[in-house]
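Just below is one structure, and these are the notes that go with it.
Quick note: the coordinates plus some simple rules give every number you see, no bench work behind them. Here the structure is a predicted model, which means the values were calculated and not measured. Counting neighbours? That spans all protein chains shown, and the Cβs are built from the backbone with ideal geometry, glycine included.
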Amino acid sequence: MKFFEHAITNHEYSFVQNITPKATNILKRGIIINTNLKYKNMEFVEEMLNSPNPTIRIFGNPITKKNFADRINTGDYIFYYLNGKGVIAVGKVLDIIREYPDINMKERQIKIIIPPQIKNCEYIGCPVNSEFRKNTKNEPKTDKDKGFWLKNTLVRPYLYGDEVDKGLKYVEDYINKN
């Protein structure tokens, strides 16, 4: 049994089930997902975003068989990051729709909140840089703000609570200006 599973008692679990609507904003979470375009072709990304039922597809580690999709919860906001472009779309996780154990891939259904925009046959992307972080994260602002760790599929740090709303506004404003 994992430590976290062991640490939560039935009493604590029932508390989580009875959170008021105002308190749920604290639990809102935004995750920047790197689409890893350098490993896949553009059709893969377009299928995820432009199909009648948009999804997020995440491949697991072939050695450990762990999949990052297991860390994504229904209701999380997904910021689709495209290498060389930035955040090109945002969606909200609805449910797990498919699992492909033979290739260790999981697919979760998404409701698109900010659809991708195309200009001159290319996606318009909002750069994920220190400016993005300063406009989204609720932390002390300094000249040495760190950016986001874009090397992983699930980019750290996540956005929480009102940071998600700030991220949505920042991305939407950036994409609409360009």
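A few points about this structure:
- Of 28/119; 85/106; 106/134; 92/137; 65/134, those spanning more than 28 Å from alpha-carbon to alpha-carbon: 28/119; 106/134; 65/134
- Distant-in-sequence amide H partners of residue 36 (H built 1.01 Å from N, under 5 Å): 83
- FRET efficiency estimate (nearest 0.05) - Cβ-Cβ, residue 83 to residue 120, R0 22 angstrom: 0.75
- Residue 96/residue 172 FRET efficiency (R0 25 Å; Cβ-Cβ; nearest 0.05): 0.40
- In this structure, the amide hydrogen of residue 160, modeled 1.01 Å from its nitrogen in the peptide plane, lies closer than 5 angstrom to those of 30, counting only residues at least 5 positions away or on a different chain.
- Each part gets one Cα centre, and for segment 158-178 versus segment 57-117 those centres are 18 Å apart.
- Cβ-derived FRET efficiency at R0 25 Å, residue 160 paired with residue 70, nearest 0.05: 0.85
- Gain upon complete extension [residue 113, residue 50; 0.36 nm per residue less C-alpha separation]: 21.4 nm
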